[in-house]
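Please read the structure below before turning to the comments.
The values are calculated or read from the model by the stated rules, or taken from the named source; none is laboratory data. Owing to the predicted nature of the structure, the values given are computational and were not obtained by experimental measurement. Here the Cβ positions follow ideal geometry from the backbone for every residue, glycine too, while neighbour counts run over all protein chains shown.
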Amino acid sequence: MTRTAETAVPPSLSYELYPPAKPSAEDALLRAIDELGATQPDYVSVTYSGTPSRRRASIELIEHLVGATRLRPLAHLTCVGETRASLRQLVRQFVGLGVRGVLAMRGDLPAGPEVSRGELPFARYLVELIREVEESHSATLAGGRIAVGVAAYPNPHPESPSFQHDVEVLVSKERSGADFAISQVYFDPADYVRLVTAARGAGVTIPIIPGVIPMSSVRRLERLAVMTGVRPDARLLHRLETASSDAERRRIGVAAAADLARAAFDAGAPGLHLYTFNDAPASVEVVEALDLPAIRTLSTAVSA
Ligand code: FAD
């Protein structure tokens, strides 16, 4: 791995977890948390959805991470469909739970004109709202800050008129107070480099962490394309479709994710965010394949 100025400090490592949709998935999630925790990530992010049951599941997962593990949660939060008051309340609740990092997003727009889009039209206003709550909680936070992350797009967001527009949106998120960005999934290493180059050219200075997914299922890859508007990589799709077993598909997905991560590090990426789909072994295999600088064991952390 070539280490450039941007990776002079060891790269960060994070994983994205989904709150379990049904009780039967809870044990698998707890196992995943243990397995991922053993790699000593800097934080694990917890996805969010505004529906009451999903929101409760996110909060329960955050409570578990704070109360029963040594992992630091990054709480995702979306503003679509919400009022300012409800969002302030949620951010206060996060702070009360011990959360010190929030990934601030708008969320996907609801279908149907009659559904409320909420009071904040774009993620940058949620970043500002979080900063306001932070200000009003300065005593609780002992003068500390909430780390606020935002989404960034190597390929144009489905509603966006252009890639350059998304870069300008990222500039606006940084000006609103964002500390870092995590990228949407992408499959061509050049897409991440193009995003970082364009963002730096437009004045973005915050770290832009590549979001990488170990993808070992054709069905999941196709679903992801529908969800994100990111076209699946044709070669990866073909290799997964023609693989002879699940084990081979898994090897292909892990190798492709490790290649993407390596290319991003070579381009100066300040960290790696793995979308896990709660499949810990695949993500751990990616990390092992990368041979990251040895900061992930207690002995090296202590002797550093
Ligand atoms: P915004 O930055 O508000 O952008 C939304 C659209 O509006 C874009 O097309 C943008 O170009 C446009 N826009 C922004 N500002 C302006 C402006 N001033 N004028 C005109 N147009 C503008 N979704 C969930 O529901 N839950 C999750 O947990 C979740 N986690 C995610 C994690 C990551 C790392 C990423 C990359 C995405 C995640 N998403 C999640 C998906 C995200 O909510 C969607 O991509 C959503 O459609 C856009 O969110 P945003 O924060 O980028 O929105």
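Being of a type in the set (V, I, T) and surrounded by fewer than 22 Cβ atoms within 10 Å (Cβ to Cβ) is the filter; apply it to region 40-57 and report the residue that is modelled with the highest pLDDT.
T47
Do you know which of the residues in region 163-193 that are in a loop (DSSP other than H, G, I, E, B) and out of contact with any Asp or Glu (no Cβ under 8 Å at 6 or more places or on another chain) is nearest to E128 (Cα to Cα)?
A178
What number goes with the only condition from (1) more than 18 Å from the chain's Cα centre (by Cα); (2) within 16 Å of the ligand (Cβ to nearest atom) that V133 does not pass?
Among (1) more than 18 Å from the chain's Cα centre (by Cα); (2) within 16 Å of the ligand (Cβ to nearest atom), V133 violates only (2).
Going by the conditions given, is L272 of a type in the set (A, V, I, L, M), in contact with a helix residue (DSSP H, G or I) (Cβ under 6 Å, 6 or more places away or on another chain) and away from the ligand (no atom under 16 Å from the Cβ)?
Criteria not met by L272.
Regarding region 173-195, can at least one residue be identified that is surrounded by fewer than 17 Cβ atoms within 10 Å (Cβ to Cβ), hydroxyl-bearing (S, T, Y) and either away from the ligand (no atom under 16 Å from the Cβ) or over 24 Å from P11 (Cβ atoms) (or both)?
The answer is no; no qualifying residue exists.
Please count how many residues of region 136-162 are near the ligand (Cβ under 10 Å from one of its atoms) and either surrounded by fewer than 21 Cβ atoms within 10 Å (Cβ to Cβ) or in a helix (DSSP H, G or I) (or both).
Looking only at that region, the number is 7.
Going by what's in this entry, would G37 be described as surrounded by 15 or more Cβ atoms within 10 Å (Cβ to Cβ), at pLDDT below 95 and farther than 22 Å from S183 by Cβ?
No.
Pairs only if they're at least six apart or on different chains, beta carbon under 8 angstrom, first in region 27-55 and on the phi > 0 side of the Ramachandran plot, second assigned to a helix (DSSP H, G or I) and away from the ligand (no atom under 14 Å from the Cβ); list them, first residue then second.
So the pair list comes out as Q40/L298; Q40/A301.
Taking only region 67-110 into account, find how many residues are more than 13 Å from the ligand (Cβ to nearest atom) and assigned to a loop (DSSP other than H, G, I, E, B).
Residues flagged as more than 13 Å from the ligand (Cβ to nearest atom) and assigned to a loop (DSSP other than H, G, I, E, B) within region 67-110 amount to 8.
Could you say which residue among E16, E26, E60 is in a helix (DSSP H, G or I), acidic (D, E) and at pLDDT 95 or above?
Only one candidate qualifies: E60.
Name the residue that is farthest from V91 (Cα to Cα), counting only residues in region 46-66 that are of a type in the set (S, T, N, Q) and either in contact with a Phe, Trp or Tyr (Cβ under 7 Å, 6 or more places away or on another chain) or more than 16 Å from the ligand (Cβ to nearest atom) (or both).
T47
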